[in-house]
Amino acid sequence: MALPKISEVRNLNLSEIQSAILLNKRELFDLELKKATRQSFKPHLFKHTKHRLSQLLMIEKEHRKSLET
C-alpha cells in the first residue's frame, strides 16, 4: 500500500481539512489503543496515518497563511 498523495489534500477546503485532521487523530488514537491492549492491528497504518496527518496540518497552515494576507 502506497503512502497517501498530497495532491488529494490540496483540493479540499479548510473545513474539510479540519474534519479530516480530527478523523486522523482519532484513527491514530484507536491504533495506539489497539497496540496497548494487544489487539490485532496493521502496523503500517501508524506510518500512513502520521504521514496523512502531517500533510493535512501543513495544508491547513498554508490555507490559514493565505487567508491572513
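The values are calculated or read from the model by the stated rules, or taken from the named source; none is laboratory data. Note that the coordinates shown come from a computational prediction; the quantities given were computed from them, not determined experimentally. As a convention, Cβ positions derive from the backbone with ideal geometry for all residues, glycine included, and neighbour counts pool all protein chains shown. Keep in mind that these areas ignore ligands, DNA and RNA; they rest on the heavy atoms of the full protein, side chains included. Shrake-Rupley method; radii C 1.70, N 1.55, O 1.52, S 1.80 Å.
Assorted remarks:
- Max mean-square fluctuation residue, GNM over the chain, Cα-Cα springs under 10 Å, options K34, K50, K25: K34
- For the chain, built as a Gaussian network whose Cα springs stay under 10 Å, the top-fluctuating residue of L45, L57, L33: L33
- Couplings for segment 59-68, taken from phi via the Karplus curve 6.51 cos²θ - 1.76 cosθ + 1.60 with θ = phi - 60°, read 5, 4, 4, 4, 4, 5, 5, 5, 6, 5 Hz in order; Gly and Pro are left as x.
- Charged side chains reduced to their Cβ positions (Lys and Arg at +1, Asp and Glu at -1) give the chain a dipole of some 340 debye around its Cα centre.
- Residue-normalised accessible area of the chain, expressed per residue, 1.4 Å probe, Å²: 77
- Residues A2 and T37, FRET efficiency given R0 of 35 Å [Cβ-Cβ distance, rounded to 0.05]: 0.75
- Degrees between helix 14-36 axis and first principal axis of the chain (Cα, 0 to 90, nearest 10): 20
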